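K.L.:
Pasting in a structure now, in C-alpha cells, and then I'll have a few things to ask.
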Amino acid sequence: MDAEGLEGFRDFVDNRSSALLRTAVLLSGGDRYAGEDLLQNALAKAAGRWERIDEPEAYVRQILYRQQVSRWRLKWRRRELTVAEPPETRADTDASSAAELRVVMREALSRLTAHQRTVLVLRYFEDLPEADVARLLGCSVGTVRSTTHRSLARLRVLAPELAALGPADAEFRSSRDHSPVEVRP
C-alpha cells in the first residue's frame with residue numbers, strides 16, 4: 001500500500017471505526033471484546049485490499065457479517081454464557097427504566113444464538129431488507145423470515161418486559177388487535 005492509500009485507510013478507520021464497532025459488538029452478542037476482535041480482523045482483511053475497494057464501509061461491514069456467520073457455524077463454542085443480576089429498580093426516574101430496558105435487551109440478545117442475533121442486527125439495527133440479509137448470509141429469504149420470527153418470539157420469552165417499550169407501540173397493538181365488531185341485537 002502506498003502512502004496515499006495508507007492515509008486513506010487511516011482516515012477511514014478514524015472516522016468510521018466507532019459505528020463499525022457498535023455493529024460488531026451487537027453481532028457478537030454485546031461482548032465488547034469479541035466485537036473489537038471481529039472489527040480488528042475485518043479491518044486487517046480490508047487493509048490488504050484497500051486500493052481495490054470501491055465502497056470501503058460496505059466492504060468492511062460485509063466482512064463483519066461473514067466473519068460472524070463463520071463463527072456461529074462452528075460446531076463448538078468457546079464463549080461462556082454470562083448472566084448478570086438484574087439492576088435495582090427505581091420507579092421514579094425514566095432514565096433508569098430506559099437503562100434497565102437496555103440491560104434486559106442486551107441480556108436477552110446474548111442468550112439468542114449467534115445466527116438469530118445476526119439476523120436481528122441486520123434486519124433491525126442495520127435496517128436491511130430481507131433480500132439483502134439473505135444475500136449477505138448466504139441463505140434464502142424464507143430462512144431470514146423464519147429466523148426473524150423465531151428470534152423475536154424467543155426475545156419475547158426471554159424478556160417479556162420489553163413489551164412495555166412505549167405508549168406509541170401499545171397504541172399500535174391495541175388499534176391492530178381490537179378491530180371493530182358489528183353487534184346485532
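K.L.:
Tally up the residues in segment 111-129 that are assigned to a helix (DSSP H, G or I), out of contact with any Leu (no Cβ under 7 Å at 6 or more places or on another chain) and in contact (Cβ under 8 Å) with a residue 60 or more places away in the chain, please.
P.N.:
1
K.L.:
Mind checking whether some residue in segment 32-49 is acidic (Asp, Glu) and either modelled with pLDDT of 90 or more or open to solvent by 100 Å² or more (accessible area, probe 1.4 Å) (or both)?
P.N.:
Of the residues in segment 32-49, the ones acidic (Asp, Glu) are 36-37.
This time we only want the ones that are either modelled with pLDDT of 90 or more or open to solvent by 100 Å² or more (accessible area, probe 1.4 Å) (or both), so: 36-37.
Scanning segment 32-49 turns up at least one residue that is acidic (Asp, Glu) and either modelled with pLDDT of 90 or more or open to solvent by 100 Å² or more (accessible area, probe 1.4 Å) (or both).
K.L.:
While we're here: Go through the residues of segment 150-167 one by one and say whether even a single one is open to solvent by 100 Å² or more (accessible area, probe 1.4 Å), modelled with pLDDT of 85 or more and within 24 Å of residue 59 (Cβ to Cβ).
P.N.:
Within segment 150-167, not a single residue is open to solvent by 100 Å² or more (accessible area, probe 1.4 Å), modelled with pLDDT of 85 or more and within 24 Å of residue 59 (Cβ to Cβ).
K.L.:
Look through segment 84-141, keep the residues that are of a type in the set (D, E, K, R) and at pLDDT 85 or above, and return whichever of them is least open to solvent (accessible area, probe 1.4 Å). Give the steps one after another, and end with the answer.
P.N.:
Looking only at segment 84-141, we keep the residues that are of a type in the set (D, E, K, R), and these are 85, 88, 90, 92, 94, 100, 102, 106-107, 111, 117, 123, 126-127, 130, 132, 135.
From what is left, the residues that are at pLDDT 85 or above are 111, 117, 123, 126-127, 130, 132, 135.
Working: 111: 108, 117: 11, 123: 47, 126: 42, 127: 121, 130: 50, 132: 53, 135: 143 Å².
Top of the filtered list is 117.
The values are calculated or read from the model by the stated rules, or taken from the named source; none is laboratory data. Note that the coordinates shown come from a computational prediction; the quantities given were computed from them, not determined experimentally. Don't worry about glycine lacking a Cβ; one is built from the backbone with ideal geometry, like all the others, and counts go over all protein chains shown. Heavy atoms of the whole protein, side chains included, go into the accessibility calculation; ligands, DNA and RNA do not. Shrake-Rupley method; radii C 1.70, N 1.55, O 1.52, S 1.80 Å.
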